[in-house]
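Asks: Dropping a structure here in structure tokens format, bear with me for questions.
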Amino acid sequence: MITVFGSANMDLVAYVPQAPHLGETVSGTEFRTVPGGKGANQAIAAARAGAEVAFVGAVGSDAFGPALRAALDDAGVNTEGLRVVDGPSGIAHIVVEEGGGNSIIVVAGANGTVTGPSDRDLEVIAASDALLLQLELPMEAVVAAAVASPAPVILTPAPVVELPDELLDAVALLVCNEHEAAAITGLGVPDRALEALLERVPELVVTLGSKGALYGSRDGSRLWAPAVPVKVVDTTAAGDTFVGALAVARAEGRGPEQFLRFASTAAALSVQRAGASTSMPLRHEIDQALDDQPLANP
Ligand code: ATP
């Protein structure tokens, strides 16, 4: 089982020819509400990739709360640990311009009220093969969960902020993209950032978008997992799909080479479809895609 202790946001996405300046009103062409948040996305990715998943977090008492819970439930995620707090749910207000550029405002809402895990949450975490954490909850809550977790902690350091030693000391595996790796270490070359980060965590993956992913561990292993070449439709949530799938394969006892292939294959499937959680592949689709790569799957 995998537990995710993280955020659930409703993404409010408005499409416009050009984003308005301050004081200006423009007409949009389309509007969508899409359940998101890095925590909920990773939970859905892991559930669709075949794991039993429990989600611990909070939604508000507004209309978005039940919709966010339903998105998790529909994916088969256990939401007994999802609290309802008075006030608004977390939202991401996204303006997408015709050229594809976007601006985003995140308001934490209920996510901002989450403190450390309860005793009941800790029982669930103790029965898990991995605890997935991101940084869209208050840092004190994330640190409290990491420090108390009997299960191995997999951390996605996004949105990137300064990482306390107390947090990194409790992390088994850090998964970040190249921009986060550079921001944390001050080193723009991913291989160098990887070596620097391995002084702080025992195992690390740096994702490089269409260039694939680098892996390193303190026992001296270094691997490169190429991205699966595909026709890209929408890369939204590629990273969350990658982390969710990687956690599933790792929890099943697969070694780095295998869990990286599983994650890269899942992420490659997701970028071929539009959307966030709806683009995340199901287990049989990942297995089929792996079978279709016989040379790399002895
Ligand atoms: P996002 O913020 O868009 O969710 P991210 O920046 O966290 O993503 P990336 O490094 O862009 O993460 O992508 C994660 C993984 O997804 C990559 O390591 C790769 O395996 C896969 N991936 C991403 N983009 C592509 C692509 N264009 N083609 C194939 N695979 C891709």
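Quick grid of which residues meet (1) more than 16 Å from the ligand (Cβ to nearest atom); (2) of a type in the set (S, T, N, Q); (3) crowded, with 23+ Cβ neighbours inside 10 Å:
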position: V77; (1), (2), (3): yes, no, yes
position: P88; (1), (2), (3): yes, no, no
position: A92; (1), (2), (3): no, no, no
position: V95; (1), (2), (3): yes, no, no
position: L131; (1), (2), (3): yes, no, yes
position: E136; (1), (2), (3): no, no, yes
position: I154; (1), (2), (3): no, no, yes
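Asks: Which one of D165, D119 is touching a residue at least 12 places away in the same chain (Cβ under 8 Å), of a type outside the set (S, T, N, Q) and open to solvent by 50 Å² or more (accessible area, probe 1.4 Å)?
Replies: One residue alone meets the criteria, D165.
Asks: Among all residue pairs at least 6 apart or on different chains, which show Cβ distances below 6 Å where the first residue, located in the range 264-277, is more than 13 Å from G209 (Cβ to Cβ) and modelled with pLDDT under 90 and the second is more than 8 Å from the ligand (Cβ to nearest atom) and among the charged types (D, E, K, R)?
Replies: A274/D234
Asks: Need the failing condition index for V248 against (1) out of contact with any Phe, Trp or Tyr (no Cβ under 6 Å at 6 or more places or on another chain); (2) within 12 Å of the ligand (Cβ to nearest atom); (3) closer than 29 Å to M10 by Cβ; (4) not in a loop (DSSP other than H, G, I, E, B), just the number.
Replies: Unmet for V248, out of (1) out of contact with any Phe, Trp or Tyr (no Cβ under 6 Å at 6 or more places or on another chain); (2) within 12 Å of the ligand (Cβ to nearest atom); (3) closer than 29 Å to M10 by Cβ; (4) not in a loop (DSSP other than H, G, I, E, B): (2).
Asks: Something else: Name the residue, out of V16, V56, that is surrounded by 19 or more Cβ atoms within 10 Å (Cβ to Cβ) and in contact with a Gly (Cβ under 6 Å, 6 or more places away or on another chain).
Replies: V56
Asks: Starting from residues that are open to solvent by less than 90 Å² (accessible area, probe 1.4 Å) and within 7 Å of the ligand (Cβ to nearest atom), keep the ones in the range 191-224 and report whichever is nearest to T156 (Cα to Cα).
Replies: The qualifying residue nearest to T156 (Cα to Cα) is T207.
Asks: So is G50 open to solvent by less than 30 Å² (accessible area, probe 1.4 Å) and in contact (Cβ under 8 Å) with a residue 40 or more places away in the chain or not?
Replies: On the way: open to solvent by less than 30 Å² (accessible area, probe 1.4 Å): no; in contact (Cβ under 8 Å) with a residue 40 or more places away in the chain: yes.
No, not satisfied.
Asks: Moving on. Taking the criterion of being open to solvent by 10 Å² or more (accessible area, probe 1.4 Å) and either without any contact (Cβ under 8 Å) to a residue 12 or more places away in the chain or over 21 Å from L214 (Cβ atoms) (or both), would at least one residue in the range 171-181 satisfy it?
Replies: no
Asks: Give the residues of the range 97-106 that are open to solvent by less than 70 Å² (accessible area, probe 1.4 Å) and at negative phi, sorted by residue number.
Replies: E97, G101, S103 - these are the residues of the range 97-106 that are open to solvent by less than 70 Å² (accessible area, probe 1.4 Å) and at negative phi.
Asks: Please return the ranges of helices (runs of 4 or more DSSP H) entirely within the range 85-190 where 2 or more residues are β-branched (V, I, T) and touching a Ser or Thr at 6+ places or on another chain (Cβ under 9 Å).
Replies: Result: 119-126.
Asks: Given the criteria touching a helix residue (DSSP H, G or I) at 6+ places or on another chain (Cβ under 7 Å), open to solvent by less than 50 Å² (accessible area, probe 1.4 Å) and more than 16 Å from the ligand (Cβ to nearest atom), does G109 qualify?
Replies: Criteria not met by G109.
Asks: Give the range 251-274 a look and list any residue that's over 26 Å from E195 (Cβ atoms) and either near the ligand (Cβ under 10 Å from one of its atoms) or of a type in the set (V, I, T) (or both), or say none. Break it down into steps so the answer makes sense when it comes.
Replies: To start, the set of residues in the range 251-274 that are over 26 Å from E195 (Cβ atoms) comprises 251-253, 265-266, 268-274.
T265, A266, A268, L269, S270, V271, Q272 - these are the residues of the range 251-274 that are over 26 Å from E195 (Cβ atoms) and either near the ligand (Cβ under 10 Å from one of its atoms) or of a type in the set (V, I, T) (or both).
The values are calculated or read from the model by the stated rules, or taken from the named source; none is laboratory data. All values reported here derive from a predicted model rather than from experimental measurement. Don't worry about glycine lacking a Cβ; one is built from the backbone with ideal geometry, like all the others, and counts go over all protein chains shown. Side chains included, ligands, DNA and RNA excluded: accessible areas come from the protein's heavy atoms. Shrake-Rupley method; radii C 1.70, N 1.55, O 1.52, S 1.80 Å.
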